[in-house]
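Shown next, in structure tokens, is the structure this report addresses.
The values are calculated or read from the model by the stated rules, or taken from the named source; none is laboratory data. Predicted model, so just to flag it, every value in this text is computed and none were measured. Every residue, glycine as well, gets a Cβ built from its backbone with ideal geometry; the counts of neighbours run over all protein chains shown.
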Amino acid sequence: MANPRTQSPLRYPGGKSCLTNFITELANLNQLQGSTYLELYAGGAGAALNMLFNGVFRQIHINDFDYAMYSFWFCVLNHTEELVEKIISTDISIDEWHNQKRIYARGYENDILELGFSTFFLNRTNRSGIIFKAGPIGGINQEGDYLLDVRFNKVDLIERIRKIATFSEQITLTNLDALKILQNINDYHPDIDNLFIYLDPPYYKKGKQLYLNNYDHQDHENLVKTINNLDPNIKWLISYDNVAEIRELYDHYRMSSFDLNYTLQSKKFGSELIVFSPQLIIGDFIIVNNRVSALNIFE
């Protein structure tokens, strides 16, 4: 099995790079090797990058409706060395943290490089990688065992960014509402037989803590309605927090659960739900962080 450690330069709470081997197995079972992988809520895009680098998929399409997140990825792909220079030249300090917070708050008023770098800086220096609500690692007074730069290894991060840039011709990046892409999927990916869609929408219960573009219940309902209207031959996988409201929305599809162990400000988050498209061939096991468990299907 490949190492599922994320190749992403971003820290993302609940990121799904841990599913790299499981999605790889699904690609093999469904003869999708070398096809296109579409991730509609990309965030850190850890799984997408792992599988591109491993040669599982030939093309990846990463989408994020958060313009700040999109700006970062745009800079990785289109302003690589300018982004690298900002990483090299910027001091990792509380004064700079305050400066980057101000830049981030201006949003669209920034040029894309300023906003993209600000997003990256705050992601690497904030607790749990949460950009807009969390404070800095080590606190404003920089006290404790872990300080602002503990997750900011410039050499390693620059290496990751440059590696991604070398694959830029195999990466499509968009800043669209995920539902718009799904509703017009043939306009973006007409060859649906060679397409795999992965959706990791905002968590139902914890979304307000984690995401700038959170979903309310109606948004989650709109997503499942859009999924219901997809061509039944399209192969997709959805991951969610394992809560009753989501199980009810998707109760006409095959589902399973798995444990995702990560911490968010000292609180552990556990059970996750996965939902399978009707035509997706699945095996008997799920692989998460190289741990193999029985895949128990329920509807």
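Going through the stretch 64-95 one residue at a time, which ones are among the acidic types (Asp, Glu) and either touching a residue at least 60 places away in the same chain (Cβ under 8 Å) or in contact with a Ser or Thr (Cβ under 9 Å, 6 or more places away or on another chain) (or both)?
First, the residues of the stretch 64-95 that are among the acidic types (Asp, Glu): 64, 66, 81-82, 85, 91, 95.
Within the stretch 64-95, Asp64, Asp66 meet the criteria.
Tallying residues that are more than 15 Å from Asp111 (Cα to Cα) and over 12 Å from the mean Cα position of the chain (by Cα) within the stretch 62-79 yields 1.
Just checking, which of Glu96, Glu169 is assigned to a helix (DSSP H, G or I), over 23 Å from the mean Cα position of the chain (by Cα) and more than 21 Å from Asn214 (Cα to Cα)?
Details: Glu169 fails: over 23 Å from the mean Cα position of the chain (by Cα).
None of the others qualify; the one that does is Glu96.
Within the stretch 91-145, the set of residues being over 19 Å from Asp66 (Cβ atoms) and aliphatic (A, V, I, L, M) comprises Ile92, Ile94, Ile137, Ile140.
Determine whether Tyr37 is of a type in the set (Ser, Thr, Tyr), buried (at least 21 other Cβ atoms within 10 Å of the Cβ) and in contact with a His (Cβ under 9 Å, 6 or more places away or on another chain). Break it down into steps so the answer makes sense when it comes.
Working: of a type in the set (Ser, Thr, Tyr): yes; buried (at least 21 other Cβ atoms within 10 Å of the Cβ): yes; in contact with a His (Cβ under 9 Å, 6 or more places away or on another chain): yes.
Answer is yes for this residue.
When we screen Asp145, Asp149, Asp111 for residues that are within 14 Å of Leu83 (Cα to Cα) and either in the same structural domain as Leu83 (by the TED database) or under 19 Å from the mean Cα position of the chain (by Cα) (or both), the only hit is Asp111.
Restrict the check to the stretch 44-57 and report whether at least one residue is in a loop (DSSP other than H, G, I, E, B), surrounded by 22 or more Cβ atoms within 10 Å (Cβ to Cβ) and on the phi > 0 side of the Ramachandran plot.
Let us first name the residues in the stretch 44-57 that are in a loop (DSSP other than H, G, I, E, B), namely 44-45, 54-57.
Applying the additional criterion that residues be surrounded by 22 or more Cβ atoms within 10 Å (Cβ to Cβ) yields 44-45, 56-57.
Add one more test, that the residue is on the phi > 0 side of the Ramachandran plot, and what stays is 45.
Checked the stretch 44-57: at least one residue is in a loop (DSSP other than H, G, I, E, B), surrounded by 22 or more Cβ atoms within 10 Å (Cβ to Cβ) and on the phi > 0 side of the Ramachandran plot.
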